[in-house]
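Please read the structure below before turning to the comments.
The values are calculated or read from the model by the stated rules, or taken from the named source; none is laboratory data. Here the structure is a predicted model, which means the values were calculated and not measured. Positions of Cβ are backbone-derived with ideal geometry, glycine not excepted, and every protein chain shown enters the neighbour counts.
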Amino acid sequence: MIDNTDRPGLGIAMMLAGIAAFAVMDAIIKWLTADYSVIQVAAMRSWFGLPLLTLFALRGGGFGALRSSRPLVHVGRYLLVLGMTLCFFWALSRMKLVDAIAITFAAPIFITALSMPLLRERVGVHRWLAVCAGFVGVIVMLRPGTGVFQWASLVVLASVVFYASLMITTRAFKASESSATLMLYPQLGMTLTGIVVAPFFWTAPGLADLGLFAVAGCFGSVGIMCLTHAFRLGPAALITPFEYSALIWATVLGFLVWGELPDSFTLIGAAIVVCSGLYIIYRERIRVVRPPSKLTSMGPDDLN
């Protein structure tokens, strides 16, 4: 049997493919929200994406992998996914694709900031400085107090907080819950919610738009599958930085479809946030590779 963790090159390729899939899905979602309610778009994306995601989950361990002793955890994760999805899709309908995706780069910063109060993880001076620098980058992108400030940007930021909280729960329960349950149950909740709520916001889609809904759902599931495999094939510290390739896809798709280009504030802010995120990943790698020494009162973790 091949050890997947010894194939970092393939892991990077899977990460790049997954990020590209998500970028295409986001572009389609932005297009569809011009004619359909955010609730209908979120519901139909889940409907079309769930079958493929279910097959992927079952392939990893069969129905036995779907057993869970913590139903309330999955209810909480479903609510986080619901908030994240509705906030991000709504914001996509009101701002540039590249601006929205650039703001999502703040996710590692929020994950680091939340890991101390929620997971009681030690976050030292170096990572706190990186978090502060990252927030400066976010402020540069948001530009509060200027005439170009968009309230939709704050909604994207809210979706990032939901996402960071979701990742915190993944860390907290990864030992007691299978990857299949953590991945599938929130999407199942989204599907069931859509069945109940979407009819109140329904606009009958034409055949072409129905195809776009199907493509968006499939690309979303493919993105999840690619990222899941990516982190199995290579170390997180090597794989994670390639998430920032989303900015390239967002710029290209935004220009080709809507004639949008990022302005200098978005690029400068995104650069600050990306550098902060990369430094956080670097410090995390040091923390894992070099545990605190028993011979000194202060180890590397105290400054990480």
Restricting attention to region 193-221, the residues that are under 18 Å from Leu80 (Cβ atoms) and touching a Ser or Thr at 6+ places or on another chain (Cβ under 9 Å) number exactly 3
When the residues of region 234-262 are narrowed to those that are under 12 Å from Ile12 (Cβ atoms) and of a type in the set (S, T, N, Q), which ends up farthest from the chain's Cα centre (by Cα)? Ser245
Filtering region 197-210 for residues that are surrounded by 12 or more Cβ atoms within 10 Å (Cβ to Cβ) and of a type in the set (Gly, Ala, Ser) leaves a count of 1
Criterion first (touching a helix residue (DSSP H, G or I) at 6+ places or on another chain (Cβ under 6 Å), more than 19 Å from Trp31 (Cβ to Cβ) and touching a residue at least 24 places away in the same chain (Cβ under 8 Å)) does Ala270 satisfy it? yes
So Gly194 clears everything in (1) touching a helix residue (DSSP H, G or I) at 6+ places or on another chain (Cβ under 6 Å); (2) exposed (fewer than 11 other Cβ atoms within 10 Å of the Cβ); (3) of a type in the set (Gly, Ala, Ser) except one condition, right? Which one? (2)
Region 1-29, subset surrounded by fewer than 24 Cβ atoms within 10 Å (Cβ to Cβ) and charged (D, E, K, R), residue modelled with the lowest pLDDT: Asp3
The condition from (1) at pLDDT 95 or above; (2) touching a Ser or Thr at 6+ places or on another chain (Cβ under 6 Å) that Ile39 misses is numbered (2)
Please work out which one of (1) free of Cβ contacts under 8 Å to residues at least 24 places away in the same chain; (2) in contact with a Leu (Cβ under 7 Å, 6 or more places away or on another chain) is the condition Ala175 fails and give its number. (2)
Any residue at all in region 250-259 that's at pLDDT below 80 and crowded, with 16+ Cβ neighbours inside 10 Å? no
Can you find, within region 30-52, the residue that is nearest to Ala100 (Cα to Cα) among those that are crowded, with 20+ Cβ neighbours inside 10 Å and among the small types (Gly, Ala, Ser)? Ala42
Filter region 156-180 down to residues that are surrounded by fewer than 21 Cβ atoms within 10 Å (Cβ to Cβ), more than 15 Å from the chain's Cα centre (by Cα) and either of a type in the set (A, V, I, L, M, F, W, C) or assigned to a helix (DSSP H, G or I) (or both), then give me how many there are. 4
Can you tell me which residue in region 260-304 is modelled with the lowest pLDDT, limited to those that are closer than 23 Å to Val140 by Cβ, surrounded by fewer than 18 Cβ atoms within 10 Å (Cβ to Cβ) and among the small types (Gly, Ala, Ser)? Ser264
